[in-house]
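A short write-up of the structure that comes next.
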Amino acid sequence: MNTVSTSTSLLKNKHAIIFGAGGAVGTAMAKEFAAQGAIVFLSGRTLNAVEQVAADIQKDGGIASAAEVDALDEQAVNAYLDLVAQEGGSIDILLNATGPQAKDYGNGTNTLELPFEQFLLPLSTLVPSQFITARAAARHMVRQRSGVILFVTAGLDMTKTPNVTAIGAAFGAMEALLRCLATDLGPMGVRVVGIRSGAMAETRTIQQGIERIVNTMGVSKAQVVSQFEQATLLKRLSTAADTARVAAFLASDGARTITGALVNASNGRVID
């Protein structure tokens, strides 16, 4: 993949910050944004992972840097964004792709048996992290009167998926946060948009879910994936790269009229 920007690139010379850039979604976002001409600033709690993503982008001709930042540490996030703004001159795009592991918040456990501590985990980590990073970026974007904050959720409450109470509630909170931010920041020229993604088989969450079903039901991975596919209207799963392409458009000037909205990119798993 050649990531050298061209005159037709959607994000030419935009400065994009991605938290959680070492995971499947963050990596795909970083590579797609760079391919579309953005200068990407990548961070994660483990530096080695994001350094590898940055190296891959640089190898393909893109511009990327890596840093170790805990997206739940407000002081560290603020300092990091201040540094990026100082070095780059602007913060144009913000995406936070961090989140706890599915096994830690009891994914697959029925609500009646879900420990309260596991229910709280995504609400006490994922949602505050999104608030911390979005607000830190918004402070810079408001001053420059432009910028895009991106969210990625899954709309699990709309898919009738059982045993996903903790993360489903957290995604619902994220979507409410998106609308509140869009309302507050819109008059200053800042857009806040989201993607309701489909199940992306290469992500850690879906891989853990597949393994759990294989172990409990005694079926093959191929059968589980087929079941996921059949639950969509298009009979296929999204990839992280698919979601990244949607995100790149939403972050571009071509989507300048879109804010306070969630784009359904679920292959028809959710019907709006």
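A few comments on the model shown:
- Residue list for segment 253-266, restricted to those being among the polar types (S, T, N, Q) and either surrounded by 21 or more Cβ atoms within 10 Å (Cβ to Cβ) or in contact with a helix residue (DSSP H, G or I) (Cβ under 8 Å, 6 or more places away or on another chain) (or both): T259, S266
- Residue list for segment 23-39, restricted to those being among the small types (G, A, S), touching a helix residue (DSSP H, G or I) at 6+ places or on another chain (Cβ under 6 Å) and crowded, with 24+ Cβ neighbours inside 10 Å: A28, A30, A34
- Considering residues of segment 226-252 that are under 22 Å from the mean Cα position of the chain (by Cα) and without any contact (Cβ under 8 Å) to a residue 60 or more places away in the chain only, the residue farthest from I206 (Cα to Cα): V246
- Residue in segment 56-69 that is surrounded by the fewest Cβ atoms within 10 Å (Cβ to Cβ), counting only those that are in contact with a strand residue (DSSP E or B) (Cβ under 8 Å, 6 or more places away or on another chain) and not in a strand (DSSP E or B): Q58
- Flag if R256 is more than 19 Å from the chain's Cα centre (by Cα) and in contact (Cβ under 8 Å) with a residue 40 or more places away in the chain: yes
- Selection within segment 236-252 - of a type in the set (G, A, S) and either assigned to a loop (DSSP other than H, G, I, E, B) or surrounded by fewer than 19 Cβ atoms within 10 Å (Cβ to Cβ) (or both): A241, S252
Where a number appears in this text, it was derived from the coordinates with a stated rule and is not lab data. Every value quoted in this text rests on a predicted model; they were computed, and no experiment measured them. So basically every Cβ, Gly included, is an ideal-geometry build from the backbone, and we count neighbours across all protein chains shown.
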